[in-house]
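Asker: Sending over a structure as C-alpha cells; questions will come in a sec.
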Amino acid sequence: MGSSIYTNYEEIAAVLLFVIGFLNLLIQPNLVKKIIGLDVMDAAIYLFLAAKGYIAGRTAPIVTDGILSADHYINPIPAGLVLTGIVVSVSVSAVMMALTICLYREYRTLDLDEILVMLQEQETAQLQRIQRDEREGRSA
Amino acid sequence: MSLIQNFPFFTIILSMFSGIISFILNGKAAKWLHLLMTAAVLVMSLVTLNWCMVNNVSYTFMMGHFPAPWGNEIRVGTLEALMAVFFALLMLLSVLGGIANLDRDVQDSKKNLFYSMLDLLMASLLALIYTNDLFTAYVFIEICTLTACGLIMIQKSGRNYVSAIRYMIMSQIGSGLFLIGLSMLYSVTGHLLMTPASEALAQLAKSGSFDVPLEVILILMTVGLAVKSGLYPFHTWIPDSYGYTTPTSSAILSSLVSKGYIFLLIKLFYRTLDFNGLENGKLLDILFVLGIVGMIMGSVDAIREDNLRRMTAYSSVAQIGYIFMGIGLGTTAGVEAALFHMVSHGAMKALLFVCIPDLVDVSGGRADRAGLTGAARRNRFAGFAFTVGAMSMVGIPLLTGFVSKYLFAAAATGALRTKMLTAWIALAISTTLNCVYFLRVVLAIYTPAPEKEALAEGAAHSPVERTAMAGLIALNFALGVASPPVVWAIRSGLSMFS
Amino acid sequence: MTALRILLLIFLIICAVAVSFSKRLLVSIIIYMAFSLIMSILWMILESPDLAITEAAVGAGVTSILFFVMLKKIQSIQMDPDQEDES
Amino acid sequence: MSRPNPSYEGSRRQKFMQWLKGEYDPSEGKLETTEPDTSLFTDSEYHEIHLYLRNEYADNEEHFRRGVRKHLTRIQKLYRLMAVITAIFMTVLLLWAVSYEPSYGDPNAPENNEVATRYIEHGLAETGAINIVAGMILDYRAFDTFGESCVLFVALCCVLILLRVDADEEAGSHAREAMFDRHFEPKNDIILQRMCRVLVPAIVIFGIYVVLNGHLSPGGGFSGGAIIGTGLILYLTAFGFANTERFMTEKVARLFSVAALTFYCFAKSYSFYTGANHLPSVISTGTPGAILSAGLIVYLNICVGIVVACTMYSFYVLFRKGGY
C-alpha cells in the first residue's frame, strides 16, 4: 500500500461508492434500485475526478480581478469532464426508467429475476406446445 | 491541407446532422436520407482510403483551433479509412437486406426515430474509428450503447425490453470501468489525447513512478471494453439481444457495434498503452485464454441451441473469442488477423442474420431446426445465401472465413510455443464444432419436406433485399478470393497506426 | 474543513448503503435525492461551483422528479382495473 | 416415433445428449415415473400411454413453474456469489491503485501540466470566457460537448420509441393513458397554484440567467436548461395539460430541439473546418465580461439550454402520459 491512502479520503470514498453502486446494479433484483445503483456508480466516478482536480488553497477556475496565473486556480479539466459525464448519466437513467415502465406494463413486476422466470416459462411452454403438436400430428 | 483530408470529418458531421434532421422528417424521407448518407459516407471513405494508400501517410485533423494537447483531434490513416469503408458498406447492406422486415416490424410513426438512431450509430462508429482523444471516445461509446439499445427495443415486445435492459446493465458496467480507468489515466498523466498521454506514460515507465496505478488502469480499460464487446464470461446478454429483434438490428449489432469497441481497444493498445510493452505483462495472456475459452464455449452453446437466430448469436460469441485470441497472441501478425477477422466476421454475420428471417418466413414462423426442414427448397435464394454464410463460417476455401482462419493459424506460428499449440488446437476444435452446428442446419434446410410446400406461397420476395443479399454474398467471395490487397492495406495501416 | 469533508463522505456512503436496504422505493428515491445534495455540497468544497449547480439542478432536481413520476406511473398501472381483468 | 431402447433411458449417453440439446426436464428429480410394463401392451397402446403421460406432466403448471424457478435460482445464486467476489476483488484493486495515486490537493500532481496551465493563462484571451470551464468545454474540447448533446438527443429518441402513444398503437391505448394520467392531475389545488404563480417565473428567469451567464459565472447551458425544464414541469403539475399546451406542444419542443442542434452542428462545423484548415475565422471573442462576448460560447450555451429544457420537459410528459 502506498502512502496516499492516508490523505485521499475522497478517492477512497469514491471507490467504496463505486463498488456499492456496482453491487446494487448487479444483484439488486429491483429495477428502480438498479437504476439508483447505476447513478451512484457514476457519481462515484465523478467524485473521484473532481477530487483529482482540486488543489489545496486555490479557488474555482473563474477569472476574478483579472488574475491570470495558473497558481491561483484549480485544474479546470476534471470539472469539464464531469459536466459532460453528468449529462450522459442522466440520459442513460432516463432511458432505463422508460424501459422499466414498459417492463412493468408488460409483466406487472419490478423484479428482474421474476421477469426472467416468466420469460423462461413462456419460452419452455411454447417449445413444448410445438413439440406436442408435432407428435400428435405425426401419430395421427 | 487538401479537401480530401477533410472527408473523415465531413462523414462524422454529415451522419450526425442527418440523425438530427431525421427527427422532424417522416419515415420514408428519413429512410432515403439514411441510405443517401451511408452511400455518401461510403464514397468519401473510399476516397480517403485511396488518398491514404497513395500517399502512404497518416495525419491528424484538429477539431477546432487548438493543436494536440489542448484541443480535440481525429487521426486518419489507411487502417481507419479501411474500417470506415467496411462499416459503411456493411451498414448499407444490412439496412437494405432487412428493409422489408423493417417496414413490417417497426411502427410507421417511429420509423423516422429508427433511422435517426441508425444515423447517429454510424456517426458514433465513425467517431470511434477516427478519434484520437480518450474522452471523446467515452462520449461516443455512450452514444453507441444508447443507439444499440434503441435498435434492440425498436420491435416492441416484452422479450426485447428484457434483453434491452440486460444489455444496458452490462454495457453500463463496461462504461463505468472504462471511465474510472480513464480518470485514473488522466490523474497520472494529465493528458486526454492518446499521443501525448502515451509520451507521458513512457516517461512514467522510465522513472518507475505510478507503476501500480498504470497496471490497474490497463486492467480496468481492457475489461471495460471487453465487457461491452461481449468477450466470453461477459457474453450473457448477447443471445437475447441478437436473437429476437428485427434482422437489420441483429446484423448491425453483431457485425458493427461490438467491432467498434474492439477497434477502440486495439487503438488504445497501440497508441496509448504501448502494445510492445504489453507483451511482458500478463494481460494479453488473460485475453488469449478468455478468447480461447470463448471460441470453444460459444460453439458448444451454439450446438445446444435449437433456435436458429440464437444459435447464430452464440456463434458471434465464438467469433469475438477468435478476435481476442488474435490480439492475445501478442504479435503484430495476430492483430492483423484479428482486424481481418473483424471485417470478415462482419460480412458473414450480416449475411446470416439477413437471410435467416426469409427462411423462417417460409417455415410458418418456426426457427427451430425441425421446423426449418426443407426451407431452402421453398426459398432457394435465401437457402443459398445461408449456405454461403455457413460455409464461410466453417472456413471453406474461396470464402472469407477460410482466409481469416488461415491468417490466425499463420499468426500463431510467430507466437510463443505454448500459445502456438493452444491456438492451433483451439482453432481445430472450434472449426469442428462450427461444422457440426452449421452443417446440421444446412442439411436440415435442404432435406425435402413435401408436406410443407404450401408454406412457401404466402412469403414475399423483395428485390431490394435480394440485391443486398447478393451484395453480401459477393463480399464474402471477394474477401475470400481477393484477400491480399485487404491484408496488405491492414498491414500498411497498422505500421503507421501507433 | 477536513472533519467536514470526512463527515460528508461518511454521509454519502451511509446514503448509498441505505438506498439498497430500504424497503420502500419512495424512501430509496428520497435518500438518493439527499445523496445528490450532499454530493453537490462536496463539489462546492472541492471548488467546482459549475458541478455543484449542475448536480443540484439535475441529480436532486430532474432525476428525482423523473423517478417520482415513474413510481407514480407504475402505481397507476397497478391500480388500473381493465388490465387486472385481462390478466 | 419408434420406441426408445429401454437401456438408453437414463443412461449417461442420454443425459449427455439431453444436456447437449439444452433440453430441460421440469419434472426432473421430482417424480418417480415407472415405465409401463411393455409386455402388457401393444406397440400403439404403449405409444398412447406414453404420449398421455408426457402431456400430463407438461401441462402440470405448478410443477413446471417450480422446476424452472429452481433451475434459475441455482444460476442466480452462482451469479450473486460471482458478483460479490468480483466486487471484493475490485475494491482491493482500486484501493491499491488509489494508495499510489498523487495525494489530495497536491499542486505538483502530474495532471497540473501545460494543458491546464494554458487553459487558465490563455483561456480568457483565446476563448473570451471568464468561466474557464465553459471556455474549455465549448471551445477547446467542443467535439466532446457536441457528442454530449447528441447523447441527450439519442436518449430522447429512445424514450419516444418506448413511450410515445401514436395513432397506430393498439386501440384504446390513448384512452387508457389519459385515464392513468388522472391520478396525476391536481384537483385545482389553490395553494399550489398561488405558489406557482410566484415561483415559476422566478425559476424560469433564474434558469435563463444561468444560461446567458454561462461564460461569466458558474453554470451554463446544461444546468440552466435543467432549471428551466424543472420550472416548466412545476407549472404543468400545478395547472395541468390544458394550460401548458397553449405554448408547449410536442411540435414546439421538437422544432426547438432540432433547430438548436442544427445551429450547434453548423456553428461547430464551421469552427472545426476553419480551425483544421488554418483559415481565418470571422468569430471574434469580444470584450471579456460582456454578455455578448466569448465568440460562439454564449450562443452554444443558449442552444444547449433549449435542448436540455425541451428534453427534460419531454421526458416528464412522456413518462406521465405518453405524449403531449
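The values are calculated or read from the model by the stated rules, or taken from the named source; none is laboratory data. Just so we're clear, the structure is a prediction, and the values are computed from it rather than from any experiment. Neighbour counts are summed over all protein chains in view; Cβ atoms, including those assigned to glycine, are modelled from backbone coordinates with ideal geometry.
Asker: Please find, among C:Leu37, C:Leu46, the residue that is out of contact with any Leu (no Cβ under 7 Å at 6 or more places or on another chain), more than 10 Å from chain D (Cβ to nearest Cβ) and farther than 27 Å from D:Gly322 by Cα.
Answerer: Among C:Leu37, C:Leu46, only C:Leu37 is out of contact with any Leu (no Cβ under 7 Å at 6 or more places or on another chain), more than 10 Å from chain D (Cβ to nearest Cβ) and farther than 27 Å from D:Gly322 by Cα.
Asker: Here's something else I'd like to know. Within the stretch D:116-166, how many residues are more than 7 Å from chain A (Cβ to nearest Cβ), surrounded by fewer than 24 Cβ atoms within 10 Å (Cβ to Cβ) and closer than 30 Å to A:His72 by Cα?
Answerer: Counting residues in the stretch D:116-166 that are more than 7 Å from chain A (Cβ to nearest Cβ), surrounded by fewer than 24 Cβ atoms within 10 Å (Cβ to Cβ) and closer than 30 Å to A:His72 by Cα gives 4.
Asker: Need a quick list: helices (runs of 4 or more DSSP H) entirely within the stretch B:156-264 having at least 1 residues that are surrounded by fewer than 21 Cβ atoms within 10 Å (Cβ to Cβ), more than 10 Å from chain D (Cβ to nearest Cβ) and β-branched (Val, Ile, Thr).
Answerer: By residue number, B:158-189, B:194-207.
Asker: Against the definition (within 30 Å of A:Ile20 (Cα to Cα), hydrophobic (A, V, I, L, M, F, W, C), crowded, with 24+ Cβ neighbours inside 10 Å and within 12 Å of chain D (Cβ to nearest Cβ)), how does B:Ala127 come out, yes or no?
Answerer: Answer is no for this residue.
Asker: Identify, from the list D:Leu199, D:Leu232, D:Leu236, the residue that is within 14 Å of chain C (Cβ to nearest Cβ) and at pLDDT below 90.
Answerer: Only one candidate qualifies: D:Leu236.
Asker: Moving on to the next point. For the stretch A:54-75, state whether one or more residues are assigned to a helix (DSSP H, G or I), in contact with a helix residue (DSSP H, G or I) (Cβ under 7 Å, 6 or more places away or on another chain) and facing chain D (nearest Cβ under 10 Å). Please lay out each step first, then the result.
Answerer: Narrowing the stretch A:54-75 to residues assigned to a helix (DSSP H, G or I): none.
Checked against the condition, which is being assigned to a helix (DSSP H, G or I), in contact with a helix residue (DSSP H, G or I) (Cβ under 7 Å, 6 or more places away or on another chain) and facing chain D (nearest Cβ under 10 Å), the stretch A:54-75 yields no hits at all.
Asker: Condition first: touching a residue at least 60 places away in the same chain (Cβ under 8 Å) and β-branched (Val, Ile, Thr). Now tell me which residues in the stretch B:67-110 satisfy that.
Answerer: Within the stretch B:67-110, B:Ile74, B:Val76, B:Thr78, B:Val95, B:Ile99, B:Val106 qualify.
Asker: Hey, among B:Ile327, B:Ile320, B:Ile262, which residue is among the β-branched types (Val, Ile, Thr) and over 23 Å from B:Ser492 (Cα atoms)?
Answerer: B:Ile320
Asker: Looking at B:Gly389, is it in contact (Cβ under 8 Å) with a residue 24 or more places away in the chain, more than 15 Å from the chain's Cα centre (by Cα) and assigned to a helix (DSSP H, G or I)?
Answerer: yes
Asker: Next up: Looking at (1) small (Gly, Ala, Ser); (2) over 20 Å from B:Gly64 (Cα atoms); (3) away from chain C (no Cβ under 14 Å), can you tell me which one D:Ser281 breaks?
Answerer: It fails just one condition, (2).
Asker: Run B:Val464 past the list (1) touching a residue at least 12 places away in the same chain (Cβ under 8 Å); (2) out of contact with any Leu (no Cβ under 6 Å at 6 or more places or on another chain); (3) surrounded by fewer than 18 Cβ atoms within 10 Å (Cβ to Cβ) and report the number of the one that doesn't hold.
Answerer: (2)
Asker: B:Lys282 versus (1) at pLDDT 90 or above; (2) closer than 21 Å to B:Thr422 by Cβ: which is the lone unmet condition?
Answerer: Answer for B:Lys282: the failing condition is (1).
Asker: Which of the residues spanning the stretch A:79-91 are more than 7 Å from chain D (Cβ to nearest Cβ) and closer than 17 Å to B:Cys144 by Cβ?
Answerer: A:Gly85, A:Ser89
Asker: When only residues in the stretch D:179-194 that are modelled with pLDDT of 70 or more and either among the small types (Gly, Ala, Ser) or not in a helix (DSSP H, G or I) (or both) count, which is nearest to D:Phe241 (Cα to Cα)?
Answerer: The residue in question is D:Asn188.
Conditions tested, residue by residue: (1) among the aliphatic types (A, V, I, L, M); (2) within 10 Å of the chain's Cα centre (by Cα); (3) assigned to a loop (DSSP other than H, G, I, E, B); (4) more than 10 Å from chain D (Cβ to nearest Cβ).
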| position | (1), (2), (3), (4) |
| --- | --- |
| A:Ile12 | yes, no, no, no |
| A:Phe18 | no, yes, no, no |
| A:Leu23 | yes, no, no, no |
| A:Ile36 | yes, yes, no, yes |
| A:Met41 | yes, yes, no, yes |
| A:Leu47 | yes, no, no, yes |
| A:Ala50 | yes, no, no, yes |
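Asker: Restrict the check to the stretch D:230-242 and report whether at least one residue is surrounded by fewer than 24 Cβ atoms within 10 Å (Cβ to Cβ) and without any contact (Cβ under 8 Å) to a residue 24 or more places away in the chain.
Answerer: yes
Asker: Would you call D:Ile205 surrounded by fewer than 19 Cβ atoms within 10 Å (Cβ to Cβ), assigned by TED's automatic domain parsing to the domain that holds D:Ala178 and part of a helix (DSSP H, G or I)?
Answerer: The answer is yes for D:Ile205.
Asker: Name every residue in the stretch D:215-225 that is buried (at least 24 other Cβ atoms within 10 Å of the Cβ) and more than 9 Å from chain C (Cβ to nearest Cβ), in order of residue number.
Answerer: Matches in the stretch D:215-225: D:His215, D:Gly221.
Asker: If you don't mind, there's one more thing I want to ask. From B:Ile490, B:Ile429, which residue is within 30 Å of B:Thr60 (Cβ to Cβ), surrounded by 14 or more Cβ atoms within 10 Å (Cβ to Cβ) and touching a residue at least 60 places away in the same chain (Cβ under 8 Å)?
Answerer: Details: B:Ile429 fails: within 30 Å of B:Thr60 (Cβ to Cβ).
So the residue among B:Ile490, B:Ile429 that is within 30 Å of B:Thr60 (Cβ to Cβ), surrounded by 14 or more Cβ atoms within 10 Å (Cβ to Cβ) and touching a residue at least 60 places away in the same chain (Cβ under 8 Å) is B:Ile490.
Asker: So, one more: Could we say that B:Phe263 is under 13 Å from B:Val317 (Cα atoms) and in contact (Cβ under 8 Å) with a residue 12 or more places away in the chain here?
Answerer: Considered against the rule, which asks whether it is under 13 Å from B:Val317 (Cα atoms) and in contact (Cβ under 8 Å) with a residue 12 or more places away in the chain, B:Phe263 comes out as no.
Asker: Kindly indicate which of C:Val19, C:Val58 is crowded, with 17+ Cβ neighbours inside 10 Å, within 13 Å of chain D (Cβ to nearest Cβ), aliphatic (A, V, I, L, M) and within 23 Å of A:Leu99 (Cα to Cα).
Answerer: None of the others qualify; the one that does is C:Val58.
Asker: Moving to a separate point now. So if I check each of B:Tyr115, B:Tyr138, which one is under 30 Å from D:Thr117 (Cβ atoms) and in a helix (DSSP H, G or I)?
Answerer: Only one candidate qualifies: B:Tyr138.
Asker: Report, ordered by the first and then the second residue, all pairs with beta carbons closer than 8 Å, sequence separation of six or more or different chains, a first member in the stretch B:117-145 that is on the phi > 0 side of the Ramachandran plot, and a second member that is assigned to a loop (DSSP other than H, G, I, E, B).
Answerer: No pair meets every condition.
Quick grid of which residues meet (1) surrounded by 21 or more Cβ atoms within 10 Å (Cβ to Cβ); (2) modelled with pLDDT under 90; (3) part of a helix (DSSP H, G or I):
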site	(1), (2), (3)
B:Thr11	yes, no, yes
B:Ser18	yes, no, yes
B:Ala40	no, no, yes
B:Met44	yes, no, yes
B:Thr48	yes, no, yes
B:Trp51	no, no, yes
B:Thr60	no, yes, no
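Asker: Right, another one. Hey, could you check the stretch A:92-120 for residues that are on the phi < 0 side of the Ramachandran plot and not in a helix (DSSP H, G or I) and say which is nearest to the other protein chains (Cβ to nearest Cβ)?
Answerer: In this case the residue turns out to be A:Leu110.
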